[in-house]
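S.K.: Quick one: the structure is below, questions incoming.
The values are calculated or read from the model by the stated rules, or taken from the named source; none is laboratory data. Fair warning: this is a prediction, and the values are worked out from it, not measured in the lab. Neighbour counts run over all protein chains shown; Cβ positions are idealised from the backbone, glycine included.
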Amino acid sequence: MSVSRADNNGRILSTLAEVYADSRAALEYDSVYQLLVAVMLSAQTNDNQVNKITRELFVDYGTPQQMATLSVAELEQKIKTCGLYKNKAKNIVAATRILLDEYDGEVPRTREELVRLPGVGRKTANVVLSVGFDLPALAVDTHIFRVAHRLGFSEGKTPDAVEADLCALIPEEDWARAHHWFIWHGRRVCDARRPKCDDCPVNEWCPKLL
Ligand code: SF4
């Protein structure tokens with residue numbers, strides 16, 4: 001009996017859901033504002049490095065009101081071990097000012113409002129919506145982009161195109177969780193340079209191997 005591509009996709013998704021059922025965001029945060037800042041810091045910086053920075057930073061500057069007491073130069077000094085820190089400091093200070101001036105210090109709950117904040121693109125907004133607010137959104141980072149291509153879920157050339165393909169394939173109620181399945185699969189198994197295909201829980205259905 002032949003197995004359709006749709007059947008394979010279903011098996012891959014249900015296996016990833018099972019294997020990565022307990023997966024969570026690697027970034028540490030105690031509020032949606034802290035999550036927003038951590039995601040802004042994470043561009044071109046790994047999550048462990050971001051956590052090292054925010055563990056200290058958030059002790060005294062973990063709320064918009066506290067962050068707003070820092071100048072850009074002062075924040076630069078506190079985050080200078082992460083890549084692009086000058087730009088990130090400028091954007092975090094500017095975004096925090098907007099949150100205080102226009103949103104009473106709260107992080108807005110729509111993508112349209114989030115992407116208006118300096119330094120916040122669609123991916124960051126989607127992480128805040130899905131991880132922070134548990135709203136249906138599927139952020140596509142470099143791991144998800146790669147894994148989606150290898151598994152044959154998308155041939156999209158941009159993260160937005162891959163996001164659209166994944167959202168069409170996966171039920172809306174699973175979008176937020178699927179973000180974690182793909183990230184952890186990309187980190188632990190489907191590595192960019194050395195995918196561990198022999199040990200991969202979905203190798204039976206992966207078109208990369210078929
Ligand atoms: S079989 Fe290999 S290429 Fe396919 S998802 Fe698994 S690790 Fe990635």
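S.K.: Considering only the range 160-178, state which residues are in contact with a helix residue (DSSP H, G or I) (Cβ under 7 Å, 6 or more places away or on another chain), under 14 Å from R122 (Cα atoms) and surrounded by 20 or more Cβ atoms within 10 Å (Cβ to Cβ).
M.R.: V162
S.K.: If you don't mind, another one. Could you identify the single residue in D160, D198 that is within 14 Å of the ligand (Cβ to nearest atom) and in a helix (DSSP H, G or I)?
M.R.: That would be D198, the only listed residue that is within 14 Å of the ligand (Cβ to nearest atom) and in a helix (DSSP H, G or I).
S.K.: Let me ask you something else. Considering only residues that are in contact (Cβ under 8 Å) with a residue 24 or more places away in the chain and among the β-branched types (V, I, T), look in the range 183-210 and name the one that is farthest from L166 (Cα to Cα).
M.R.: V202
S.K.: Still on this structure: Which one of E155, E112 is exposed (fewer than 15 other Cβ atoms within 10 Å of the Cβ) and not assigned by TED's automatic domain parsing to the domain that holds L13?
M.R.: Every option except E112 fails the conditions.
S.K.: May I pose another question? Could you say which residue among T81, T63, T54 is among the hydroxyl-bearing types (S, T, Y) and either under 15 Å from V127 (Cβ atoms) or touching a Lys or Arg at 6+ places or on another chain (Cβ under 7 Å) (or both)?
M.R.: So the residue among T81, T63, T54 that is among the hydroxyl-bearing types (S, T, Y) and either under 15 Å from V127 (Cβ atoms) or touching a Lys or Arg at 6+ places or on another chain (Cβ under 7 Å) (or both) is T54.
S.K.: If you check S23, S42, S14, S31, which single one turns out to be within 17 Å of the chain's Cα centre (by Cα), within 16 Å of the ligand (Cβ to nearest atom) and under 30 Å from R109 (Cα atoms)?
M.R.: S23
S.K.: Additional query: Within the range 82-98, is even one residue β-branched (V, I, T) and closer than 30 Å to P171 by Cβ?
M.R.: no
S.K.: Quick one: which of R122, R150, R146, R188 is within 16 Å of the ligand (Cβ to nearest atom) and more than 19 Å from N9 (Cα to Cα)?
M.R.: None of the others qualify; the one that does is R188.
S.K.: For S71, all conditions in the list (1) free of Cβ contacts under 8 Å to residues at least 24 places away in the same chain; (2) surrounded by 13 or more Cβ atoms within 10 Å (Cβ to Cβ); (3) not hydrophobic (A, V, I, L, M, F, W, C) hold save one; what is the number of the exception?
M.R.: Every condition holds for S71 apart from (2).
S.K.: How many residues are closer than 16 Å to Y20 by Cα, more than 13 Å from the ligand (Cβ to nearest atom) and of a type outside the set (D, E, K, R) when one looks only at the range 163-182?
M.R.: Final tally of qualifying residues: 6.
S.K.: Oh, and also: Mind listing just one residue for me: the one in the range 124-149 that is part of a helix (DSSP H, G or I), of a type in the set (G, A, S) and in contact with a Phe, Trp or Tyr (Cβ under 9 Å, 6 or more places away or on another chain) and, of those, nearest to A38 (Cα to Cα)?
M.R.: Among residues in the range 124-149 that are part of a helix (DSSP H, G or I), of a type in the set (G, A, S) and in contact with a Phe, Trp or Tyr (Cβ under 9 Å, 6 or more places away or on another chain), the one nearest to A38 (Cα to Cα) is G132.
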